[in-house]
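Engineer: Quick one: the structure is below, questions incoming.
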Amino acid sequence: MTFVVKDVPGKGRGLFTNVFIPKGQLIIRYEGEHISEAEAARREDEYGADTCCYMFYYTTRDRKDKKIVHCLDATHSRHESRLINHSKKHANLKPEYVYDHIWFRARRDIEPGTELLFDYNETRKDVLAANPWLKE
């Protein structure tokens, strides 16, 4: 799969495909350091407003069906997956937990030249208040 990084007005950089991607195809794995929910909260405080952080939270269930929150921190990663931007209305990817990794699957056919987008599903009130673009 070939991707291109481009500047996106109002967003910084974004990830674009330059090949056709069919609906349902797994296309890219989110690369980051696996850390606990507590460590993620500590790092978000440490990074503060001056550092763009690239935290990806997800949940799994243990054998007793207890919910476990995980985080991938790609803040210091150079992997292109961290440049996938947010959109509630135009998301063309959906994240999936596959074999201990987070992969992005195409929600529909994606044409060459299209920016790759997914819904960050942010629900924390303080984060939404500080980043109103997450509601778009």
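Engineer: Send over a whole-number figure in Å² for the accessible area per residue of the range 26-136, probe 1.4 Å. Please report the intermediate quantities before stating the final value.
Structural biologist: Working: 7170 Å² over 111 residues.
The answer is 65 Å² per residue.
Engineer: Separate question: Give me the percent of the accessible area of the chain that comes from carbon and sulfur atoms, probe 1.4 Å, all protein chains in place.
Structural biologist: 48 percent
Engineer: How big is the gap, in Å, between the Cα center of the range 103-120 and the Cα center of the range 17-44?
Structural biologist: Taking the Cα centre of the range 17-44 as reference, the centre of the range 103-120 is 13 Å away.
Engineer: Could you rank R43, R29, R108, R63 by how accessible they are, 1.4 Å probe, largest area first? Numbers along the way, then the final one.
Structural biologist: Numbers: R43 35, R29 70, R108 105, R63 245 Å².
The most accessible residue leads, giving R63, R108, R29, R43.
Engineer: Which loop chymotrypsin sites (Phe, Trp or Tyr not before Pro) in the range 84-115, with loop taken from DSSP, have no more than 10 other Cβ atoms within 10 angstrom of their Cβ?
Structural biologist: Passing both the DSSP loop test and the Cβ count: Y99.
Engineer: Treating only the Cα positions of the chain as identical point scatterers, give the base-10 log of I(q)/I(0) from the Debye formula at each q in 0.09, 0.10 Å⁻¹.
Structural biologist: These q points yield log10 I(q)/I(0) values of -0.28, -0.34.
Engineer: Helix-only estimate, please: 222 nm mean residue ellipticity of the chain, summing -39500 (n - 2.57) across DSSP H runs of length 4 or more and dividing by its residues, to the nearest 500.
Structural biologist: After summing the helix terms and dividing by residue count, I get -3500 deg cm²/dmol.
The values are calculated or read from the model by the stated rules, or taken from the named source; none is laboratory data. Owing to the predicted nature of the structure, the values given are computational and were not obtained by experimental measurement. Reconstructed Cβ throughout: ideal geometry from the backbone, glycine too, with neighbour counts over all protein chains shown. The protein model used for the area step is the full one, side chains on, heavy atoms only, and it has no ligands, DNA or RNA in it. Shrake-Rupley method; radii C 1.70, N 1.55, O 1.52, S 1.80 Å.
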